[in-house]
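Values quoted throughout were computed directly from the atomic coordinates according to the rules given, and no laboratory measurement underlies them. All values derive from a computational prediction rather than experimental measurement. A quick note on method: Cβ atoms are made from the backbone with ideal geometry, for glycine too, and the neighbour counts reach across all protein chains shown.
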Amino acid sequence: MENLTYWQALNRALDAEMAADDTVIVLGEDVGLFGGTYRVTEGLYARYGAQRVRDTPISEGSFTGLGVGAAMAGLRPVVEIMTVNFALLALDAIINMAAKIPFMSGGQYAMPLTIRMPGGTAHQLAAQHSQRLEHTLMNVAGLRIVVPATPQDAYWQLRQAIRADDCVIVLEHELLNFEQGPVDELADAPPPHRAIVRRSGHDLTIVSYSRMANQALIAAEQLAGMGIDAEVIDLRSLSPIDWQTCVDSVNRTGFLLIAEEDCRFAGAGAEIAASLTERCFHALQAPPLRVAALDLPNPYNKTLEQQIIPQPEDIAVAAQALVRGQRIPQEDRA
Amino acid sequence: MENLTYWQALNRALDAEMAADDTVIVLGEDVGLFGGTYRVTEGLYARYGAQRVRDTPISEGSFTGLGVGAAMAGLRPVVEIMTVNFALLALDAIINMAAKIPFMSGGQYAMPLTIRMPGGTAHQLAAQHSQRLEHTLMNVAGLRIVVPATPQDAYWQLRQAIRADDCVIVLEHELLNFEQGPVDELADAPPPHRAIVRRSGHDLTIVSYSRMANQALIAAEQLAGMGIDAEVIDLRSLSPIDWQTCVDSVNRTGFLLIAEEDCRFAGAGAEIAASLTERCFHALQAPPLRVAALDLPNPYNKTLEQQIIPQPEDIAVAAQALVRGQRIPQEDRA
Amino acid sequence: MERELPIQFLRDMLRARRLEERLAQEYTQGNIGGFLHLYPGEEAVAVGVLHAAEPGDYIVSTYREHIHALIAGVSMRAIVAELFGKRTGCSGGMGGSMHLFDAEHRFMGGYAIVGETYPVAIGAAYAVMLRGLPEAVICFFGDGAVNQGTFHESLNMAALWQLPVLFVCENNHYQIGTEIHRHSAVTEVYKRAGGYGIPAEKVDGMDVEATYRQTRAALEQVRAGQGPRLLEFETYRYRGHSMADPGTYRSAAEVSMYTAQDPIAAEMRSLSLHYPDPETLHALGLESCETLCRRYLDHGHLDTQGLEALEAEIQQEIEDAVQYAQAAADPTLEDAWHALQPNWPHQALV
Amino acid sequence: MERELPIQFLRDMLRARRLEERLAQEYTQGNIGGFLHLYPGEEAVAVGVLHAAEPGDYIVSTYREHIHALIAGVSMRAIVAELFGKRTGCSGGMGGSMHLFDAEHRFMGGYAIVGETYPVAIGAAYAVMLRGLPEAVICFFGDGAVNQGTFHESLNMAALWQLPVLFVCENNHYQIGTEIHRHSAVTEVYKRAGGYGIPAEKVDGMDVEATYRQTRAALEQVRAGQGPRLLEFETYRYRGHSMADPGTYRSAAEVSMYTAQDPIAAEMRSLSLHYPDPETLHALGLESCETLCRRYLDHGHLDTQGLEALEAEIQQEIEDAVQYAQAAADPTLEDAWHALQPNWPHQALV
Ligand SMILES: Cc1ncc(C[n+]2csc(CCOP(=O)(O)OP(=O)(O)O)c2C)c(N)n1
Ligand SMILES: Cc1ncc(C[n+]2csc(CCOP(=O)(O)OP(=O)(O)O)c2C)c(N)n1
Ligand SMILES: [Mg+2]
Ligand SMILES: [Mg+2]
């Protein structure tokens, strides 16, 4: 049991899999000599050499597609797309190729491909560098999506992704990269797509994922101060989603709040709200409440950036209104 | 008042706007000399010449981006992406450029760009040629999305899109292209994003859009035979969505069924279900029901293709179960 | 060149031609759905190139790939069954005409999004390079596909890392209805490889022996670890872009533009957009199959009886494949779920 | 060359250098957020190229665009205010360092997704061509951006349709930490324009007078309707890729690879990854600003007092801009909603 940062945990996971299986290769921009923009691949270039830790040109569409072809020919590539934002250039490779080839080939080809991409709102990176892509990828049959919120999950889920024979997208969060947490490299990992109850409570259920799950935990403490006992579920995976863990909780609490960093309109939270309404309708005492980003691109201005993304306080205030049956004011322009 | 096919209505709309405003240009693959894969641009090349009706190379990312730059420099480009499926190669231009430039520039630049793309499930075009993209585009602040289901709406909404100063995506449906309907070129158009009640009823509300709205109308007739009176709402627009028209209906009927061709998981229907649950929770007698495509890529086999997409019968059966309070069996693997 | 090769070339070119003539019929009779992109006129490329390949080589192709699959060794039965959407098709009925796959023959698939073959090919080549094997990857693409960004990105990486790929451009001068001089600033495709330092040549794609010789030479260098090569085959499609391609209204649009077109260009387009009659083709010296037959008859490679026997045998093979496909069963929804993720059933996901 | 030009060059190069030295300080003090990509070392390109441009020309740039905006005429106040995220910034505080826009000066923006400048530029050029005006579009991009597919797609269309674009490559030999010979199979960028038949040349980007002369010549041809041109400017960035770029741990990784690197390459990399001391730069003849000062002092273009006066005036301008930015107000959420769709408020959408 060690304290590691999120990036160190990812680094250990890569190292462990590369050491165990020499068909595992890593490729992306500056993953090698430079050591990775977020240090995740640090040291691997010196250890495994330029062929297995490949620095690429700025050609997201093709080096992601290269990963697809390599996976079909027997390798287990781990493609790093420097940030989610650049994945918009690789969506044909991800959606039309990686996700569909096993299906289109009648199941002849597996797709042991892992695609890592840090994303989300960091510090004033503005509209083109602060995006979320979960809603887009969730709708794609053939992809699996993990969203680790802790160093331990980052370690476990990246290793599981590399070992999986399907295409797994690892959505990291840029602001989590330098956060610390205990990592046990020997403990058995839970199934990659199992949700976990990070805090149990009986007044309402807060469902969240990635960094926002940690924000929800902070909110839960604030709520405790107001005498509201919130249960916090970290989904850990957005495709598939572990509905049962959520259903059990919502049926107990009767209230559901979804906290996400994604834009509210057609974001990941929409599916969570819709599916849990179908499954828990009669247990729900109020409609599921989505606390999400405003439907705006990220502004560069610091104050505005904070305003459009849910803060722990926003989650707490909304949760309070929800359980007390008050109306929640929504910034909603669309 | 004339009977026109959907493609003829689109063709008339383009012709009218090009004749009225010479800053309007059309570009895309085979839109000129060839006359358009779905005939939508037929005759325009001979009428307006090669510069205003530009045949492009197979370079979706850049000719869509060309439309963005041209719009910033004073033109009103209408970009045709031959099918939605190829738009995956243009998403950086659409999401990172067209949708964000007005915002990132502090409102200095408008984006009078129209992007047409026919999509959906046609006849056995298989996984790479049968996709829907609405869920992805809906989540993008800065885009407007229209989904005409009739020749009249195709005519009105394309003309409105070309005249709008924002980026408007016109999602056409490949199977609607050769369907006929009355078109009045002189009548005043409703606002581009206003939903319409295509059939009024009092037992349940069926919300749908594009081709599936027509399927819902067929289902409604079948339901009438079973003594169930369904109201059918055609959204006409997916961003923004005209919630009020839906809310008024659901509050009256107490039952909501959403019919969509998109994959169920994180599809467009998720947002519709989530938002209308928030707005109509206390009026709803049962959870909103989504009748959508299975979470599978499109199989080439004809029988399977029909099975994964909702048919009018599926909508009718589900609607019946919904209002009669029976459980609805769901093909659900994720 | 070995004595039997010419006969094998002719045999395979005729198999290709006759098979697709039959597929066109089956399509009009509704036994095949979706888009059907046929190859008549271009057979000399697939036959020459793939005869020069080794069994260990990987092949990556487009939506116009029936013949690539056939010559690569995929059984005619499995191909026709796939086009009929059957369970025993080479893609289990899930892929159809544009998505033929056969892992056993290293036929890595037909791709329907123009420009996808490049990254898949360099990916397979990357695996070959890591394993240090004398294998090559053959990547097919058309003249229109050259303008997709992936061409640029992938060729740069292939050259940068000296990957064992042979890029095969089937230049039939058309991107659906757009002629090459209207889609490419530089119309000699092989010249565009210069921007990446990739050795490239132009080859007469209507001459099967030339395509075979040139491909063999290029593949030797590729296998020897000398990095990627590109060959541009000048060829020709006799039919419309696809069966769905209605020639009808195009002529109208053409007429209104004829004045602007030079006669040869017009001639070429009308050839590719309508079904040309044999005379015109001979006049232009373009009828690859028949020209080849005549040449071999003259050279005494075979006699008329031999040719008739060959045609009969081929008819037999096609009959058998079509009957097999007709008799085969449809895939089930179970099969579809399995094809989605062959591995899931064995894994506890949640 | 006109008598005053040299002084203007020097003046603008010093304005650029001193401004960014100040921006670096403001960044470390937390007055500027996000990523900050600085330009020291490359000033001769922006200054030479943009002095050669006409007011009617459009400019499309990257995330390393402060100086392009400054020389294009955007006020220093508006630039600094934008970097401070203020309402009076040239993008209303919504864009920040990577997204400077100024419609009035036809500065069409800084784009942060590598490779986006090409399509925007050919789009503006398409509009210019339709209007038949003698205007040009200047498209900036780096050596790393050359491998993005949009380069290939856009240059082909620019050449095919003879669009009035000048493609300006700022080749500083690095894609963040990846040196050009490790990201491009052909390292002389200008040669890659050949695949599109676009005339191209390499220019010494450290010599402001050369960049001015060559750009002027190229722009004349572009404006004359002779189609696109590409100029590759060999240049050099003294600082890390961005302020966020930690030089610290890289050296370690380097050391473990040094053996594999040739000395010049290593020298070059260490230069671009750490802050080089002036001596090293002079030794390599790379210090554009100081070299220029000395040359002009020698040529008698100016004297020491003149230089001091110039520096003082520039300090004054920078002080003023920073104070203006500090004093300015933050944008409101109202402003953000308005910026999203300036037109919506006036339209009944539903
Ligand atoms: C990205 C993309 N854009 C457009 C299409 C539609 N399309 C299918 S084939 C084709 C023409 C391709 O021409 P070429 O590469 O020369 O191959 P050919 O059909 O001539 O064999 C086009 C535009 C597509 N399938 N994919
Ligand atoms: C599509 C995309 N991929 C990756 C990045 C991250 N990134 C930002 S700048 C840069 C290097 C660009 O190098 P170059 O084009 O030479 O410009 P320079 O920074 O040297 O001026 C990279 C990889 C990005 N912004 N966009
Ligand atoms: Mg072609
Ligand atoms: Mg550079």
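Summary table below
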| item | result |
| --- | --- |
| Residue list for region C:1-17, restricted to those being surrounded by fewer than 22 Cβ atoms within 10 Å (Cβ to Cβ) and under 25 Å from C:GLN175 (Cα atoms) | C:ARG17 |
| Positions within region C:282-334 being more than 14 Å from chain B (Cβ to nearest Cβ), part of a helix (DSSP H, G or I) and among the aliphatic types (A, V, I, L, M), in sequence order | C:ALA283, C:LEU292, C:LEU297, C:LEU307, C:ALA309, C:LEU310, C:ALA312, C:ILE314, C:ILE318, C:ALA321, C:VAL322, C:ALA327 |
| Matching residues, region B:3-23, being polar (S, T, N, Q) and over 12 Å from B:ILE162 (Cα atoms) | B:ASN3, B:THR5, B:GLN8, B:ASN11 |
| Looking only at region C:61-101, and only at residues there that are in contact with a strand residue (DSSP E or B) (Cβ under 7 Å, 6 or more places away or on another chain) and within 14 Å of ligand 1 (Cβ to nearest atom), the one that is nearest to C:HIS241 (Cα to Cα) | C:TYR63 |
| Answer residue from region C:183-203, given it is in contact with an Asp or Glu (Cβ under 6 Å, 6 or more places away or on another chain) and either within 14 Å of chain B (Cβ to nearest Cβ) or charged (D, E, K, R) (or both) and is nearest to C:LEU36 (Cα to Cα) among those | C:VAL189 |
| Conditions (1) touching a Gly at 6+ places or on another chain (Cβ under 8 Å); (2) free of Cβ contacts under 8 Å to residues at least 24 places away in the same chain: number failed by B:ASN96 | (1) |
| A:VAL24 vs. criteria within 14 Å of chain C (Cβ to nearest Cβ) and touching a residue at least 60 places away in the same chain (Cβ under 8 Å) | yes |
| Qualifying positions in region A:236-250 - under 25 Å from A:HIS282 (Cβ atoms) and in contact with a His (Cβ under 9 Å, 6 or more places away or on another chain) | A:PRO240, A:ILE241, A:ASP242 |
| Pair list, Cβ under 7 Å, 6 or more apart: region B:238-250 residue touching a residue at least 12 places away in the same chain (Cβ under 8 Å) and within 12 Å of chain A (Cβ to nearest Cβ), other residue aromatic (Phe, Trp, Tyr) and assigned to a loop (DSSP other than H, G, I, E, B) | B:LEU238/B:TYR209 |
| Candidates D:TYR118, D:TYR63 - the one that is out of contact with any helix residue (DSSP H, G or I) (no Cβ under 8 Å at 6 or more places or on another chain), within 16 Å of ligand 4 (Cβ to nearest atom) and either assigned to a helix (DSSP H, G or I) or within 12 Å of chain B (Cβ to nearest Cβ) (or both) | D:TYR63 |
| Test for D:ILE180: is it among the β-branched types (Val, Ile, Thr), more than 7 Å from chain C (Cβ to nearest Cβ), in contact (Cβ under 8 Å) with a residue 60 or more places away in the chain and within 11 Å of ligand 4 (Cβ to nearest atom) | no |
| Selected residue (criterion: farthest from the chain's Cα centre (by Cα)) from residues of region D:85-101 that are over 12 Å from D:ALA328 (Cα atoms) and facing chain B (nearest Cβ under 7 Å) | D:MET94 |
| Residue that is farthest from the other protein chains (Cβ to nearest Cβ) [pool: residues in region C:129-141 that are surrounded by fewer than 24 Cβ atoms within 10 Å (Cβ to Cβ) and in contact (Cβ under 8 Å) with a residue 24 or more places away in the chain] | C:PRO134 |
| Residue match in region A:202-217 (condition: within 14 Å of another protein chain (Cβ to nearest Cβ) and among the basic types (Lys, Arg)) | no |
| Considering residues of region A:251-266 that are touching a His at 6+ places or on another chain (Cβ under 7 Å) and not aliphatic (A, V, I, L, M) only, the residue farthest from the other protein chains (Cβ to nearest Cβ) | A:ARG252 |
| Subset of region D:39-48 (residues that are buried (at least 24 other Cβ atoms within 10 Å of the Cβ) and either on the phi < 0 side of the Ramachandran plot or of a type in the set (A, V, I, L, M, F, W, C) (or both)) | D:TYR39, D:GLU42, D:GLU43, D:ALA44, D:VAL45, D:ALA46, D:VAL47, D:GLY48 |
| Positions within region D:142-168 being within 9 Å of ligand 2 (Cβ to nearest atom), more than 11 Å from chain C (Cβ to nearest Cβ) and outside any helix (DSSP H, G or I), in sequence order | D:GLY142, D:ASP143 |
| Which listed residue, of D:GLU82, D:GLU21, D:GLU104, is surrounded by fewer than 20 Cβ atoms within 10 Å (Cβ to Cβ), within 12 Å of chain B (Cβ to nearest Cβ) and in a helix (DSSP H, G or I) | D:GLU104 |
| Within region B:45-61, tally of residues that are more than 9 Å from chain D (Cβ to nearest Cβ) and out of contact with any Phe, Trp or Tyr (no Cβ under 9 Å at 6 or more places or on another chain) | 5 |
| Hits in region C:153-177 - residues which are among the polar types (S, T, N, Q), out of contact with any His (no Cβ under 8 Å at 6 or more places or on another chain) and farther than 13 Å from C:ARG229 by Cα | C:ASN171, C:ASN172 |
| In region A:22-57, the residues that are more than 26 Å from A:GLY181 (Cβ to Cβ) and among the acidic types (Asp, Glu) | A:ASP22, A:GLU29, A:ASP55 |
| Only listed residue being farther than 26 Å from A:GLN311 by Cα and more than 16 Å from ligand 1 (Cβ to nearest atom), chosen from A:ALA161, A:ALA126 | A:ALA161 |
| Odd one out for D:HIS68 among (1) within 16 Å of ligand 2 (Cβ to nearest atom); (2) within 14 Å of chain A (Cβ to nearest Cβ) | (2) |
| Options B:LEU137, B:LEU88; residue that is away from ligand 3 (no atom under 16 Å from the Cβ) and more than 14 Å from chain D (Cβ to nearest Cβ) | B:LEU137 |
| Those residues of region B:43-89 which are among the aliphatic types (A, V, I, L, M), outside any helix (DSSP H, G or I) and within 11 Å of ligand 1 (Cβ to nearest atom), in sequence order | B:ILE58, B:ILE81, B:MET82 |
| Residue in region B:267-278 that is within 14 Å of chain C (Cβ to nearest Cβ) and of a type outside the set (D, E, K, R) present | no |
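Residues checked against (1) free of Cβ contacts under 8 Å to residues at least 12 places away in the same chain; (2) surrounded by 24 or more Cβ atoms within 10 Å (Cβ to Cβ); (3) not in a helix (DSSP H, G or I):
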| position | (1), (2), (3) |
| --- | --- |
| A:GLY107 | yes, no, yes |
| A:ALA110 | no, no, yes |
| A:THR121 | no, no, yes |
| A:GLN124 | no, no, yes |
| A:GLN128 | no, yes, no |
| A:GLN131 | no, yes, yes |
| A:HIS135 | no, yes, no |
| A:ARG144 | no, yes, yes |
| A:PRO148 | no, yes, yes |
